[in-house]
There are 2 protein chains.
Amino acid sequence: MARINDNYLKLKAGYLFPEIGRRIKNFTEANPEAKVIRLGIGDVTRPLAPAVIEAFHRGIDDLTKVESFMGYGPEQGYDWLIDTIIDNCFAPRGVQLKRSEVFVSDGSKCDCGNILDIFDLGNRVAIGDPVYPVYNDTNVMVGRTGEADEQGHYEGVVYIPCTEENNFTPPIPAEKVDLIYLCFPNNPTGAVAGKEQLQQWVDYALANQAVILFDAAYEAFITDPAIPHSIYEIPGAEKCAIEFRSFSKTAGFTGVRCAFTVVPEALMGKTADGREVALNGLWNRRQATKFNGVSYPVQRAAQAVYSPEGWRQNQEIIAYYLENARLIREGLQAAGVTCFGGTNAPYIWLKTPGGSSSWDFFDRLLNECHVVGTPGSGFGPAGEGYFRLSAFGQRENVEEAVARIRKNLA
Amino acid sequence: MARINDNYLKLKAGYLFPEIGRRIKNFTEANPEAKVIRLGIGDVTRPLAPAVIEAFHRGIDDLTKVESFMGYGPEQGYDWLIDTIIDNCFAPRGVQLKRSEVFVSDGSKCDCGNILDIFDLGNRVAIGDPVYPVYNDTNVMVGRTGEADEQGHYEGVVYIPCTEENNFTPPIPAEKVDLIYLCFPNNPTGAVAGKEQLQQWVDYALANQAVILFDAAYEAFITDPAIPHSIYEIPGAEKCAIEFRSFSKTAGFTGVRCAFTVVPEALMGKTADGREVALNGLWNRRQATKFNGVSYPVQRAAQAVYSPEGWRQNQEIIAYYLENARLIREGLQAAGVTCFGGTNAPYIWLKTPGGSSSWDFFDRLLNECHVVGTPGSGFGPAGEGYFRLSAFGQRENVEEAVARIRKNLA
């Protein structure tokens, strides 16, 4: 009989969000009248910006005529979208990129997982705790880890605890690692990293010839001008970092699907016999062979995110979510809850009141307030005793959720 | 320094189509006045069906309003699309599938490559020759093979030659294998498989507890009612086969991106210690963790492919391409060229005149006729001396290409 990839059986539990979905389903089936407010999964709720909608429709219109029909596009994305990305996301911040260094894709989740394809299993990987579960799970699935211990840490991974003591910003590991996941603004804690801190990581990576996998999916929520949006704002990062970006949260594309990944040509890995090979070429080959590019109308819609109107309209949407974040943070703080994040980030990371466990607090919020959040322990054992609320809801729902929680905690 | 996946360095050459693209680029830069007709890559050229366009637009309109906005969808695809697929592609052919057995994705190329994630590297794999290059390349990249030999066969793979002698339909291998790629109607040869032949494969797979990876991307081009569209029309296939389907050729979605893969719940694999595990659950976990679903408006467009008008309109497009295939096949046959395929399939597989090599014939057609085809040897060493022409062009281009080739060969 065909042998399965046994590594899948090491995975501890269902992926976090399906488990949350299951509990919500059970609750709503038992309580069909309850108005459940979802501030759990980081999914946007505002409509697409009008300029984006318009470009999306125009993209479809191109497919109605022989002369403008678009079939297979470049697996890496169309040049006009890549140029728009470079000119708008990177050039204004002093980062020079070549077209060949930007790879348009259908999602950062995909890219974060798929990037492991081009690395040897022998690499030692460092992952924060708490962390976006995909980093852990994809390393398990590909076979880089051993079994999980009781608290859910997989053998062979170097975990970097992100705690209140270190302000939820991971300290540089004492040992040598080869791959390091960093996510700023952070999911789930909402922590951000300044230039000095990122420079320390780049220095460490260069000194140890490690590769930083930098997840910048939430960079659009940065309002503080001192905080870098891209790892490439840090000198030397082009020799040690891959960056993941997404239109999901920037422009409401969670259901539309577009993202991109930057693999600089200066970034090298080595073979078993010590030769240096550019990671850019490997990722290009991976994408050309196992991916067929992003939907053409979606790429047109993504391009419009950076048009003057599209940009202005999206900034309003981001400001809306950031105001939600402020309302949650300040509302819960007023109720005596210790909160982190929620500025320069769409997530509020709170300490569960009374020291209850993350899942107990989840069940309490769901059953008593009809509010869905995400248990901190779902992001790793160091997240136990914490809870994530997302600012992506509708204003009136956010206000009502905060009012319900305050009343419940009073 | 981070270690790369050395398996990538075993890949023989660039992926076939980029190499063709390079030669076309060189030619057109040197001959800017030449009107090049492309019958090489299997890319569609007809506009989307009006009913599909309409549904696609309506899908976008849903994203303009808070009440109808769609964010993250199920990674497996929306139930309404899955139900539409089951009701229209499978139920009428007597195949009963559950929702949980159909996984909507952004492309068959992706799924064909990604499916290897859930299998152990120790499985022995059988691949036809000639063949869609992705089957070979993805097995190399994942590390299942050794180095390539001089003719381009990778160590450890069981190759099944598809030749004129066996009518380009692969014979059952004498040895035991665990994974078998089958593609009918075939890319590149246009060969089709009847029920008896597929039953032999299913019997072999059941007897050897092997898994058939059945690529049915071109099933829409079958006009002969005796030929199965799905491997699941064969009794027992639900216990030994995964099927890949695509909207790319069925409905002109090469630039739109939608496909689906069927993993029956009855299909099992085994662990190292001999336990049986359902492959359905593994693929579900793979997709939930490393994929984020297909663009919502794209799924709406795909659903409309099966509406009464959408279906009728698409059948006209398919008939158009099949008429192209007839023109190519009969035109070249009249010029004395030996042709295969081109009925029940959009590809014509021809013997290069005068026994020239595939790439020599490619260069001759490009330089002398300004027609682009695909060298048979690009699909594997057994394709040497053959050449693939695609029926996906515009009618007037197809007619002109055939006329040019006939004149050149006269």
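What follows draws every value from the coordinates through simple rules; no lab data is involved. Just so it is clear, the model here is predicted, and its values are computed rather than measured. A quick note on method: Cβ atoms are made from the backbone with ideal geometry, for glycine too, and the neighbour counts reach across all protein chains shown.
What the table shows:
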{"item": "Hull volume in cubic angstrom per residue (convex hull over the Cα atoms of chain B)", "result": "170 Å³"}
{"item": "Cα pair distances of the range B:347-410 binned at 10 Å [whole percent]", "result": "23, 57, 19, 0"}
{"item": "Pairs of alpha carbons in the range A:1-88 whose separation is greater than 21 Å (percent)", "result": "66 percent"}
{"item": "Rel. contact order, % - alpha carbon contacts under 8 angstrom, at least six apart, the range B:118-194", "result": "37 percent"}
{"item": "Inter-chain shielding of B:56-63 (mean C-beta neighbours from other protein chains, 10 Å cut-off)", "result": "6"}
{"item": "Choice from B:128, B:71, B:310 showing the highest fluctuation, given a GNM over chain B with Cα pairs closer than 10 Å", "result": "B:71"}
{"item": "Calculated label separations, residue B:164, copies of the chain, 7 Å along the beta-carbon direction, nm", "result": "8.0"}
{"item": "Sparse-neighbourhood loop sites, trypsin sites (Lys or Arg not before Pro) in the range B:3-53 - DSSP loop, at most 11 other Cβ within 10 angstrom", "result": "B:35"}
{"item": "Two-decimal ratio, the range B:50-156, of alpha-carbon radius of gyration to 2.2 N^0.38 Å", "result": "1.51"}
{"item": "All-pairs alpha carbon distance profile, the protein assembly as shown, 20 Å steps from 0, percent", "result": "16, 49, 31, 5, 0"}
{"item": "Peptide-level mean, for B:134-141, of C-beta atoms on other protein chains within 10 Å", "result": "3"}
{"item": "Relative contact order of chain B, defined on C-alpha pairs under 8 angstrom at six or more residues apart (%)", "result": "23 percent"}
{"item": "Per-copy distances of the residue B:50 label point, shortest first, in nm (7 angstrom along Cα→Cβ)", "result": "3.0"}
{"item": "Neighbourhood net charge (13 Å Cβ-Cβ; Lys/Arg +1, Asp/Glu -1) for residue A:155", "result": "+1"}
{"item": "Hull volume in cubic angstrom per residue (convex hull over the Cα atoms of the range A:290-410)", "result": "145 Å³"}
{"item": "Part-to-part distance (alpha-carbon centres) for the range B:45-111 and the range A:1-73, which is given in Å", "result": "13 Å"}
{"item": "Percent breakdown of C-alpha pair distances by 5 Å bin, ordered from the shortest bin, for the range A:110-203", "result": "3, 12, 24, 25, 21, 11, 3, 0"}
{"item": "Cα gyration tensor, the range A:131-270 - rounded (a/c under 1.5), prolate or oblate", "result": "rounded"}
{"item": "Relative packing of A:349-355, B:342-348, which averages over residues the other C-beta atoms within 10 Å, highest first", "result": "B:342-348, A:349-355"}
{"item": "The range B:167-185 and the range A:293-341: distance between their alpha carbon centers, rounded to Å", "result": "52 Å"}
{"item": "Sites residue A:395 and residue A:200, calculated FRET efficiency, Cβ-Cβ separation with R0 41 Å, nearest 0.05", "result": "0.60"}
{"item": "Packing-based exposure ordering (other Cβ within 10 Å, fewest first) of A:261, A:223", "result": "A:223, A:261"}
{"item": "Dmax and Rg, reported as Rg then Dmax, of the range A:235-315 (C-alpha, Å)", "result": "16.1, 52"}
